[in-house]
Amino acid sequence: GLILGLINGFTVGYLRIPPMLATLGTLGAGLGIALLMQNGVNVATYALNPVATGQLIPGLDNLILIGLIVVGIGYVGMHLAVFGRHTLAIGSSEEAARRVGINVERHLLKVYVVGALASGLGGFLAVAYFSTTSVAGHSTDNLSAITAVALGGTSLFGGIASIIGTLIGVW
């Protein structure tokens, strides 16, 4: 996730490739690399992982607990930290953000790295929980994610975002 986040952040921030093209390109490359790593086999099975199947707090699955922690960190990062204000400013107007002194390219790199690390964590937890994965089964995950974010009230044109809204959109 970190490597793909660095690639996306660099191509969007520094090379000025449109975000949709950059992320769809790395999605295709990632799916291809996954097939290469699986020797062309579409389905792989792994051992169950107690991180995903256990209950640290009785009555609350670890996946839900981890999800709530990630949402909490995301909420603080987007709504109570400078990182979130800079992200929303860049989403509203890159030029305005640049004029007030935000290093837009560096910040976009950070945004893509954080997003990719979160996606990597999600992928790890999905494999840990289901103990199996299918490369072809995830080729439309990007559409599901975009739909959940849009349903949660985040503007696809930038400047308006809500972590809690996205959580509701996923639900």
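The values are calculated or read from the model by the stated rules, or taken from the named source; none is laboratory data. Note that the structure is a prediction, hence the values are computed from the model and not measured. Backbone-built Cβ (ideal geometry, glycine too); neighbour counts: all protein chains shown. Side chains included, ligands, DNA and RNA excluded: accessible areas come from the protein's heavy atoms. Shrake-Rupley method; radii C 1.70, N 1.55, O 1.52, S 1.80 Å.
Sorting the segments 150-159, 5-14 by their residues' average number of neighbouring beta-carbon atoms within 10 angstrom, most packed first, yields 5-14, 150-159. Does the range 18-102 classify as rounded, prolate or oblate by the C-alpha gyration tensor (a ≥ b ≥ c root eigenvalues; a/c under 1.5 gives rounded; else a/b over b/c gives prolate, otherwise oblate)? Judged from the Cα gyration tensor, the range 18-102 comes out oblate (a/c at least 1.5, b/c at or above a/b).
Between the Cα long axis of helix 19-37 and the first principal axis of the chain there is an angle of about 20°, rounded to the nearest 10. Here the relative contact order of the range 59-118, from alpha carbon pairs under 8 Å that lie six or more residues apart, stands at 18 percent.
Net charge in the neighbourhood of Val82 (other residues with Cβ under 14 Å of its Cβ; Lys, Arg +1, Asp, Glu -1) is +3. Applying the Karplus relation 6.51 cos²θ - 1.76 cosθ + 1.60 with θ = phi - 60° to the range 100-107 yields 3J(HN,Hα) values of 8, x, 7, 6, 4, 4, 5, 5 Hz, where x marks Gly and Pro. The portion of the accessible surface of the range 124-171 made up by carbon and sulfur, rounded to a whole percent, is 73 (1.4 Å probe; DNA, RNA and ligands excluded).
Think of it as helices only: each DSSP H run of n ≥ 4 in the chain is worth -39500 (n - 2.57), and spread over all residues that comes to -20500 deg cm²/dmol at 222 nm.
For Leu6, neighbours were defined as the other residues whose beta-carbon sits under 14 Å from its Cβ, and their charges (Lys and Arg +1, Asp and Glu -1) total +1. Counting only protein heavy atoms and a probe of 1.4 Å, the accessible surface of the range 1-116 is 72% carbon and sulfur. When only Cα pairs below 8 angstrom with a gap of at least 6 residues are kept, the chain shows a relative contact order of 33 percent.
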